[in-house]
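These notes are about the structure you will find just below.
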Amino acid sequence: MSVYTVHEPPMRAGAAAADVERFAFVRDGFSWWAFLFAPLWMLRHRMWLVLIGYVVIAAAIEVPVKLSGAPAFAASVIGLLLGLLVGLEAGTLRRFTLNRRGWKNLGVVSGDDLEDAERRFFDAWLQRTNSTSGGPRAPTPGPASAAPSWRGPLGSDVIGLFPEPGARR
């Protein structure tokens, strides 16, 4: 089961309601595309600031390694590790970019796949929207004193560190 965060884009000028077609579901977990093709993946998701940071970090790490005369294998391992880091943090990098652009985080949803997560989210979202629009309201709980309480007999065995209130430790 995968976990997704749901993001709502900023409202467009003159829009009366949120455009649900533009909602973004960002999967939390490892991204093979981000691992294998990090710069292309960043371009595809229009993550310009993240791409600039990636290029600067890659250059800052690999240029000194090449200048030091280390074998090409060392530079390859460093590139592989940097790709692994991007693959592991792909969801976080996307959420950072969406948040920076003013997208609102609506919550977290889980599902077997993206379609299942979308269905679960929109079912709950529509139910919440309909309940606040004037439909029948849920009953409110009564005062705490009206709640039933159960007390066992005084001599009953209690599981725990202190079997009786006020007992010595």
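Values computed for the structure shown
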{"quantity": "Filter result for SER76 (over 30 Å from PHE121 (Cα atoms) and polar (S, T, N, Q))", "calculated": "yes"}
{"quantity": "Qualifying position, being in contact (Cβ under 8 Å) with a residue 24 or more places away in the chain and open to solvent by 30 Å² or more (accessible area, probe 1.4 Å), among PHE122, PHE23, PHE37", "calculated": "PHE122"}
{"quantity": "Condition broken by LEU85, with the remaining ones in (1) modelled with pLDDT of 90 or more; (2) over 30 Å from MET1 (Cβ atoms) satisfied", "calculated": "(2)"}
{"quantity": "Unmet criterion (only one of (1) outside any helix (DSSP H, G or I); (2) at pLDDT 90 or above; (3) farther than 23 Å from ALA34 by Cα) for VAL109", "calculated": "(3)"}
{"quantity": "Count of the stretch 74-89 residues which are open to solvent by 50 Å² or more (accessible area, probe 1.4 Å) and either aliphatic (A, V, I, L, M) or farther than 22 Å from TRP32 by Cβ (or both)", "calculated": "6"}
{"quantity": "Some residue of the stretch 90-104 being assigned to a helix (DSSP H, G or I), open to solvent by less than 80 Å² (accessible area, probe 1.4 Å), touching a helix residue (DSSP H, G or I) at 6+ places or on another chain (Cβ under 8 Å) and over 20 Å from PRO10 (Cβ atoms)", "calculated": "yes"}
{"quantity": "Count of the stretch 40-67 residues which are under 25 Å from VAL108 (Cβ atoms) and open to solvent by less than 30 Å² (accessible area, probe 1.4 Å)", "calculated": "4"}
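The values are calculated or read from the model by the stated rules, or taken from the named source; none is laboratory data. No experiment lies behind these values; they were computed from the predicted model shown. For neighbour counting, all protein chains shown are included, and Cβ atoms are generated from backbone atoms with ideal geometry for every residue, glycine included. SASA here: full protein model, heavy atoms, side chains in, ligands and nucleic acids out. Shrake-Rupley method; radii C 1.70, N 1.55, O 1.52, S 1.80 Å.
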